[in-house]
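This report refers to the structure that appears directly beneath it.
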Amino acid sequence: MTRGTFSEMTDKGRFECCLGRFTRFLYSNSQKPIKFSSIIKSKMKVKIRKARLSDVQAITDIYNQVILTSTATFDTEPKTIEERRRWLTSRGRRFPVFVGEVDGEVMGWGALSPISERGAYFKTAEVSVYVKEGFRNRGVGRSILQKLIEFAREANFHTLIAQVVKGNEVSVHLLESFGFKKVGTLREIGYKFEKYLDVEVLQLIFD
Ligand SMILES: CC(C)(COP(=O)(O)OP(=O)(O)OC[C@H]1O[C@@H](n2cnc3c(N)ncnc32)[C@H](O)[C@@H]1OP(=O)(O)O)[C@@H](O)C(=O)NCCC(=O)NCCS
């Protein structure tokens, strides 16, 4: 088969050609090879809704994967379905859990949680978001966080905080894009996978 000139290529061929160059550029400009699949991902249409009891299995599976493989949460032992069911049903109206659904499947969840039982903290909540492995970087986390912030504003919270393990740049980027600001670092406050871990505290104060 003879090779065509560039102008004779099909659209698909041209696209692949450009991808090849783009990939080489990324490899040559980074210390570590960046996985191609983590760069070009189309955003998914995400439906956000309050979590139901029937979501407990999916919520638990998503969270347990993070517990077992990552320092993104400081939980170290997988949760049981029963524990997560209690966690979901005992939250009260001010501290909801939302899920992000794509084509009827739960792809992520996020929660508002109290940061302390002490009364003076009642205008503050902590946000957390977890997206199913394999479906990250497609807009699910952003949609869930947006919903949590909207809910918190309407529920009259004054401020939201997020505690992010140092090095979790995707989380920091996501939070900062909604106006969260880094307010400090708790040094060596966690210990997981045989390493001390710093936590960056980010805060959003509503007007
Ligand atoms: C952090 C997390 C919740 C973000 O959710 P997500 O669905 O993957 O993120 P989104 O697709 O909504 O993307 C949010 C932003 O981060 C960027 N981003 C996401 N993944 C990225 C990656 N792997 N590399 C570079 N940028 C990335 C997106 O481009 C987007 O930025 P933009 O809108 O400015 O373009 C999700 O990746 C996750 O569950 N990670 C593991 C658990 C975790 O870290 N939870 C947070 C604990 S504080």
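The values are calculated or read from the model by the stated rules, or taken from the named source; none is laboratory data. What you see is a predicted model, and the numbers here were worked out from it, not measured in a lab. Heads up, the Cβs are rebuilt from the backbone with ideal geometry, glycines too, and the neighbour counts pull from every protein chain shown.
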Can you name the condition, by its number, that Ser171 falls short on among (1) in contact (Cβ under 8 Å) with a residue 60 or more places away in the chain; (2) of a type in the set (Gly, Ala, Ser); (3) assigned to a strand (DSSP E or B)? (3)
Residue check, Phe95 against (1) at negative phi; (2) in contact with a helix residue (DSSP H, G or I) (Cβ under 7 Å, 6 or more places away or on another chain); (3) assigned to a loop (DSSP other than H, G, I, E, B); (4) not β-branched (Val, Ile, Thr), all met but one. Which one? (2)
Being at pLDDT 95 or above and within 11 Å of the chain's Cα centre (by Cα) narrows it down to one of Gly134, Gly139, so name that one. Gly139
Every listed condition ((1) closer than 26 Å to Ala152 by Cβ; (2) of a type in the set (Val, Ile, Thr); (3) surrounded by fewer than 17 Cβ atoms within 10 Å (Cβ to Cβ)) holds for Thr80 save (1)
Condition broken by Asp207, with the remaining ones in (1) farther than 16 Å from Val66 by Cα; (2) modelled with pLDDT of 95 or more satisfied: (2)
Residue list for segment 156-168, restricted to those being under 16 Å from the mean Cα position of the chain (by Cα) and either near the ligand (Cβ under 10 Å from one of its atoms) or in a loop (DSSP other than H, G, I, E, B) (or both): Ala162, Gln163, Val164, Val165, Lys166, Gly167, Asn168
May I ask you to verify whether Val183 is touching a Gly at 6+ places or on another chain (Cβ under 6 Å), free of Cβ contacts under 8 Å to residues at least 60 places away in the same chain and in a strand (DSSP E or B)? no
With Arg91, Arg153, Arg142 as the choices, which residue is within 8 Å of the ligand (Cβ to nearest atom) and among the basic types (Lys, Arg)? Arg142
